[in-house]
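**Student:** Have a look at this one.
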Ligand SMILES: Cc1ncc(COP(=O)(O)O)c(C=O)c1O
C-alpha cells in the first residue's frame, strides 16, 4: 500500500490504511434525512423511553458515596471485577470472569478483533448483508471480505464450505440481525457450528440484540457449542443505554492476552465510573425486570409498523408499487424490498421530500448489494408517526414508479 498524500499544501502524510477508512454511508444518509418534519425510520438508535434514568441517578450517587476515588481513578484494563462476574454469570454457557473483557461498546470489540486477527489480504467471511460498523472496523486492516450467500435463516452451508479455506474467521450475527432482523434457527446454528469446527474456522459472534426477543428467547449462541473456537461480543447499549459506551467480549484463552494488549493500546480501559454505575444498577437483578419492558415496547412497535405496512401495501396492490417485508421476531429492524427495478438509494430523496426516511440496504453488503432492499427501524417513531411515515413511503413509491 502506498501512503496517501492529501492536498498539496498540507504537511501531513496520511497512512496508507486511511484509504480504507470512509465516512459511514449511513451517517451521511442520516445527515440528509435528519430534517425537521421528516419521520425517520432510518436511525439505528434504541428508544430513549427505555433508558432507566431514575436508576442511573440513584446508582451514580451511590457509586460516588461508596467509592468516589476508585470510581474516578484509572482502573484495570480487563474491566471492573463485579461487572465481569455479572457478565459471566448472565451467559448460558460456563464462562469464567477472567475470560470477560469489558469493552468501550461492542464496536470496540470489533475493532480489537480486527487488530488481533486480520493481516493485509486476510480472508474474512461475513453474512450478506451484514452490520456496516463491522465492515468499517475490519476495513483498515485491508482484509479480503467475502460475503456468504444467505437465506432467511442466515449463511448457507454450501457457500461456507466453498469459501472457508484460509479464512481468519466468520463474522456472524445470530439474533435479530442488523440490518435484516433475521435470526439463525436452532438447526442452522447446529449445522454452522459443526461445519465451522470441522473446517477449523473460528467464529466472531456479535449478539447485541439477543435479549430483545418478542415471543420466545432465541436458541443459545453458537459460542456455547464451541467456546474455544468463538469470540463472543455483547453490549449494554440495547438493554441499558448506548451513551454508556459499554460492551464486553468473551475470549478463548488463546486470544485473551492479545485482545487485552490491543485494548490497552486503544484506551487503557473502558470508563471505570460507568462500569461501576452499571454494576450498581444491575446488582439486584434489575435487567430481569427491565428488559421484559423493552421487549413488550418493541414488540408493540413492530406490530404497529406491520399493521401500517399491511394497510399501505395491501396484498392485492399493484406489484409495481408494492413493498414486501419480513416479520422480525425481535430486535429493532425490519427489512423490506421495493418493487422490481426500484433502487432504494434513488427513492430516498423522493421519500424525504414526502416526509419519511429509511436506510437503503446496499451499504450493508460487502460486495454487490441488493439495490431494492431497505431497512426500517420500528422502535423510535410514535404510533402516529409510523402510520403517517408508512403512508408517505407508499406515496413516494407510487410517485417514483410513475415517474413523478
Ligand atoms: C450488530 C451490531 N454490533 C455492534 C454494534 C455496536 O454497539 P455498541 O458499540 O453500542 O455496543 C451495533 C450497534 O448498533 C450493532 O448493530
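**Student:** Any chance you could give the angle, 0 to 90 degrees and rounded to 10, that helix 286-312 forms with the longest Cα principal axis of the chain?
**Tutor:** Once rounded, one gets 10 degrees.
**Student:** Restricting to bridges with both residues inside the range 152-308, how much of the DSSP beta-bridge set is antiparallel, in percent to the nearest 5?
**Tutor:** Details: 4 of 11 bridges.
Just about 35 percent of them are antiparallel.
**Student:** May I pose another question? Taking the beta-carbon count within 10 Å as an exposure proxy, list 12, 213, 335 from fewest neighbours to most. All intermediate terms of the calculation are to be shown ahead of the outcome.
**Tutor:** On the way: 12 8, 213 20, 335 23.
Fewest to most other Cβ atoms nearby, the residues stand as 12, 213, 335.
**Student:** Moving on. Which of 230, 150 has the fewest other C-beta atoms within 10 Å, and how do the rest follow up to the most? Show your work: numbers first, answer last.
**Tutor:** On the way: 230 26, 150 19.
The most exposed by this proxy come first: 150, 230.
**Student:** Based on the Cα coordinates of the range 196-236, what is the per residue volume of their convex hull in Å³? Mind showing how you got there, number by number?
**Tutor:** On the way: hull volume 2.8 nm³, N = 41.
Hull volume over Cα atoms, normalised by residue count, gives 69 Å³.
**Student:** Okay, next question. How much length is gained if the chain between residue 64 and residue 368 is pulled fully straight, taking 0.36 nm per residue apart and subtracting their Cα-Cα distance, in nm to one decimal?
**Tutor:** Numbers: separation 304, 0.36 × 304 = 109.44 nm, distance 5.14 nm.
Difference between extended and current length: 104.3 nm.
**Student:** Separate question: With the cut-off at 26 Å, report for the range 140-285 the share of all Cα pairs above it, as a whole percent.
**Tutor:** Details: 3381 of 10585 pairs.
Percent of Cα pairs beyond 26 Å in the range 140-285: 32.
**Student:** Would you mind giving the average projected area, over all directions, of the Cα convex hull of the chain in nm² with one decimal?
**Tutor:** Values: hull surface 88.4 nm².
So the Cα hull casts an average projection of 22.1 nm².
**Student:** With the crude spin-label approximation of a point 7 Å out along Cα→Cβ, what separation in nm comes out for residue 383 versus residue 316?
**Tutor:** Each label point lies 7 Å from its Cα, and together they span 2.8 nm.
**Student:** Taking 8 Å as the Cα distance limit and 6 or more residues as the minimum spacing, I'd like the relative contact order of the chain as a percentage.
**Tutor:** Numbers: 739 pairs, mean separation 88.2, N = 404.
Relative contact order, the chain: 22 percent.
**Student:** Which distance in nm do the two modelled labels at residue 72 and residue 53 give, with both placed 7 Å along the Cα-to-Cβ direction?
**Tutor:** 2.5
**Student:** Distances longer than 19 Å among the Cα atoms of the range 1-143: what percent of all pairs is that?
**Tutor:** Values: 7407 of 10153 pairs.
Roughly 73 percent, once rounded to a whole number.
**Student:** What order, most packed first, do the peptides 308-315, 79-86, 104-111 have when packing is the mean number of other Cβ atoms within 10 Å of each residue? Write down the numbers at each step before the final one.
**Tutor:** Numbers: 308-315: 15.2, 79-86: 20.8, 104-111: 23.8.
Packing proxy ranking, top to bottom: 104-111, 79-86, 308-315.
**Student:** Starting from 0.36 nm per residue, how many nanometres of slack lie between residue 45 and residue 123 once their C-alpha separation is accounted for? Present the calculation step by step, with values, prior to reporting the outcome.
**Tutor:** Values: separation 78, 0.36 × 78 = 28.08 nm, distance 3.08 nm.
Gain on stretching residue 45 to residue 123: 25.0 nm.
**Student:** Would you mind telling me which residue in 159, 66, 206 has the biggest mean-square fluctuation in a Gaussian network model of the chain, where springs connect alpha carbons within a distance under 10 angstrom?
**Tutor:** Maximum fluctuation in the GNM of the chain, among the listed residues, is at 66.
**Student:** Name the residue, out of 143, 68, 360, whose mean-square fluctuation peaks in a Gaussian network model built on the chain with Cα pairs under 10 Å.
**Tutor:** With Cα springs under 10 Å in the chain, the top fluctuation among 143, 68, 360 is at 68.
**Student:** Multiply the residue gap between residue 293 and residue 18 by 0.36 nm, knock off their C-alpha separation, and tell me the result in nm, one decimal place. Write out the running numbers ahead of the final one.
**Tutor:** On the way: separation 275, 0.36 × 275 = 99.00 nm, distance 4.24 nm.
Between residue 293 and residue 18, full extension yields an extra 94.8 nm.
**Student:** Any idea what angle helix 186-199 forms with the longest principal axis of the chain, computed on alpha-carbon atoms, 0 to 90 degrees, nearest 10?
**Tutor:** For helix 186-199, the angle is close to 60 degrees.
**Student:** Given the convex hull of the Cα atoms of the range 237-387, what is a quarter of its surface area in nm²?
**Tutor:** Values: hull surface 52.1 nm².
Over all viewing directions, the range 237-387 projects a mean Cα-hull area of 13.0 nm².
**Student:** Over the chain, what is the percentage of antiparallel beta bridges among all DSSP beta bridges, to the nearest 5? Write out the running numbers ahead of the final one.
**Tutor:** Values: 21 of 38 bridges.
Around 55 percent antiparallel, to the nearest 5.
**Student:** Viscosity 1.306 mPa s, temperature 10 °C: what is the translational diffusion coefficient of the range 18-62 from Stokes-Einstein with a Kirkwood Rh over Cα pairs, rounded to a whole number of µm²/s?
**Tutor:** Working: Rh = 13.8 Å.
Calculated translational D: 115 µm²/s.
**Student:** Principal axis extents for the range 254-325, Cα atoms only, whole Å, descending order, please.
**Tutor:** Dimensions of the range 254-325 along the principal axes of its Cα atoms: 58, 32, 22 Å.
**Student:** In which sequence would 337, 346 go, from the one with the fewest C-beta neighbours within 10 Å to the one with the most?
**Tutor:** On the way: 337 18, 346 12.
If I rank by nearby Cβ atoms, fewest first, I get 346, 337.
**Student:** Continuing with this model, one more query. For the range 157-228, compute Rg over Rh where Rg is the Cα radius of gyration and Rh is the Kirkwood radius from the inverse mean 1/r over Cα pairs.
**Tutor:** Details: Rg = 12.3 Å, Rh = 12.7 Å.
Ratio of gyration radius to Kirkwood radius for the range 157-228: 0.96.
**Student:** Something else: Calculate how many DSSP beta bridges within the range 129-242 are antiparallel, expressed in % of all such bridges and rounded to the nearest 5.
**Tutor:** 20
**Student:** Helix 256-267 sits at what angle to the longest principal axis of the chain, using alpha carbons and giving 0 to 90 degrees rounded to 10?
**Tutor:** Its long axis makes an angle of about 70 degrees.
**Student:** Here's a follow-up. Taking the alpha-carbon set of the range 91-187, what are its Rg and Dmax in Å?
**Tutor:** Reported Rg and Dmax, both Å: 14.1, 37.
**Student:** What do the square roots of 5 times the Cα gyration tensor eigenvalues come to for the range 303-390, in whole Å, largest first, as semi-axes of the equivalent ellipsoid? If you can, show how the numbers build up before the last one.
**Tutor:** Values: eigenvalues 74, 49, 38 Å².
Working through the eigenvalues yields semi-axes of 19, 16, 14 Å.
The numbers here are math on the coordinates, done by the rules we state, and not lab data. Model, not experiment: these values are computed from the prediction. Quick reminder, even Gly has a Cβ in these numbers, built from the backbone with ideal geometry, and neighbours come from all protein chains shown.
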